[in-house]
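Here's the structure we're looking at; comments come further down.
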Amino acid sequence: MEKKILVVEDSRIFKRILEIELRQAGYFPVFAESIQETQELLKKQEQYTCAILDYCLPDGENGEIIDVCLKENLKVIVLTARMDEVTRSKVLSKPVIDYVPKDSPSSIASLIPILQRLENNKCHTVLVVDDSITARHYLRNLLERQNLTVLEAVNGIEAIEMIASHQNISLIITDYDMPKLNGIGVIKKVRQQFSPGRLAIIGLSASNENALTAKFIKAGANDFLTKPFNQEEFYCRVHSTLNLLESERQLYKMANTDYLTQCWNRRYFFNHLSVKRALQSRSVAILDIDFFKKINDTYGHHIGDMVLVDLAKHLRDFFPDALVARFGGEEFCIHFFNDHPNNLIRLEKFRSHIAQLQLNLLNQTVRYTVSIGVVVDIQPIHDLLSTADQCLYQAKDLGRNRLVIK
């Protein structure tokens, strides 16, 4: 789906720069040079990701285009060469996303991170915790303007309950002074379960207590703002926090997933809490691709890589409730969190499914099979893996494309 951006700009130079920057970032700009042209475009009812508006136009020199686009429920970013405080305040008094000073062609590049932030925000849910309904609604309006999904809690106890039931919360914005459990208490409880790289927190307070910022940060908050805050600063803090959160998540993913197949790697597997604990009987399977060297030799390593990616996809589809990791080469491990007999039935169905596949890869028809070794026991993980590995070798000795259970 095309990510269309409505651009209203009458300068030929800036239009050209905007077109280059937007297209390179994967956006499709649709241009107008005046309010009249913009209104004609809006009649077509196209879907726009955002509108980038020049503040001063031939038929509207004082930002009239902003209200035209806001009336159509478009998200608006304003370009302005006027840097005086009156113009800035006038722009920010409206529900716009941001404004960008139009002081040089190079400043246009700063638009792209704003647009990317808007896109990324669709994946984030924010929990607002405040006992004031007015404060919650004000924060909700600011956050939803930035494409963020917003949940509300009226106190710290309700916030903890909501965090437990909504696993997709990325950011908590919490007030300090609340009944039952204050903001510091909320942060301390959250940090017992979630690291800053998993869930970010911004503290808020109208208190003039000198040490409050330090108290929030030491309790585990990522940032802190004093009420009443400046809207522009609020957005800067929220975006900075989400940027850091996404960077940490990306680093975590790079360190713990296999680059080729996107399965978890050995590091993640052996650090997983359920893998370390031997509290109950569980099923562990090791499998690999039969005659994988022959696939590489016959079709080339690029085809071999595509086969590995295909196998990983089917593993995730068949076993979404299990821990699937690539151990290396063509070898994968499946760790079930219990010893349910259905695990063995599913593994056999998976083996049969793979054997019936016919892949068309780069004009080549490729088929492959897997051998699987399975153990069901309550032993430590290294003992389980050793036994499963022995079962895998037995499956190979018995002719491959089969499952052996211990």
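Report, ordered by the first and then the second residue, all pairs with beta carbons closer than 7 Å, sequence separation of six or more or different chains, a first member in region 285-303 that is without any contact (Cβ under 8 Å) to a residue 12 or more places away in the chain, and a second member that is open to solvent by less than 20 Å² (accessible area, probe 1.4 Å) and of a type outside the set (D, E, K, R).
296/304
Please enumerate the residues belonging to region 34-68 that are part of a helix (DSSP H, G or I) and over 22 Å from residue 145 (Cα atoms).
35, 36, 37, 39, 40, 41
Considering only region 379-406, how many residues are open to solvent by less than 70 Å² (accessible area, probe 1.4 Å) and among the basic types (Lys, Arg)?
Residues in region 379-406 being open to solvent by less than 70 Å² (accessible area, probe 1.4 Å) and among the basic types (Lys, Arg): 1 in total.
Within region 1-27, which residues are open to solvent by 50 Å² or more (accessible area, probe 1.4 Å) and either among the charged types (D, E, K, R) or at pLDDT 95 or above (or both)?
Matches in region 1-27: 2, 3, 10, 12, 16, 19, 21, 23.
Of the residues that sit in region 195-231 and are part of a helix (DSSP H, G or I) and open to solvent by 10 Å² or more (accessible area, probe 1.4 Å), which one is nearest to residue 139 (Cα to Cα)?
231
Could you say whether any residue in region 267-275 is within 30 Å of residue 302 (Cβ to Cβ) and under 16 Å from the mean Cα position of the chain (by Cα)?
Scanning region 267-275, I find no residue that is within 30 Å of residue 302 (Cβ to Cβ) and under 16 Å from the mean Cα position of the chain (by Cα), so the answer is no.
Would you check if there is a residue in region 48-64 being open to solvent by 10 Å² or more (accessible area, probe 1.4 Å) and of a type in the set (A, V, I, L, M)?
No, there is no match, as no residue in region 48-64 is open to solvent by 10 Å² or more (accessible area, probe 1.4 Å) and of a type in the set (A, V, I, L, M).
Can you tell me which residues in region 149-172 are within 17 Å of residue 242 (Cα to Cα), without any contact (Cβ under 8 Å) to a residue 60 or more places away in the chain and not hydroxyl-bearing (Ser, Thr, Tyr)?
Listed by number, the residues that qualify are 150, 151, 167, 168, 169, 172.
Does residue 30 satisfy the condition of being among the aliphatic types (A, V, I, L, M), without any contact (Cβ under 8 Å) to a residue 40 or more places away in the chain and outside any helix (DSSP H, G or I)?
It is true that residue 30 is among the aliphatic types (A, V, I, L, M), without any contact (Cβ under 8 Å) to a residue 40 or more places away in the chain and outside any helix (DSSP H, G or I).
Counting only residues that are within 24 Å of the chain's Cα centre (by Cα) and open to solvent by 30 Å² or more (accessible area, probe 1.4 Å), how many does region 178-193 have?
4
The values are calculated or read from the model by the stated rules, or taken from the named source; none is laboratory data. Nothing here was measured: the structure is a model prediction, and the numbers come from that model. Glycine also receives a Cβ, built like all others from the backbone with ideal geometry; neighbour counts cover every protein chain displayed. Note: areas computed on protein heavy atoms with side chains; ligands, DNA, RNA excluded. Shrake-Rupley method; radii C 1.70, N 1.55, O 1.52, S 1.80 Å.
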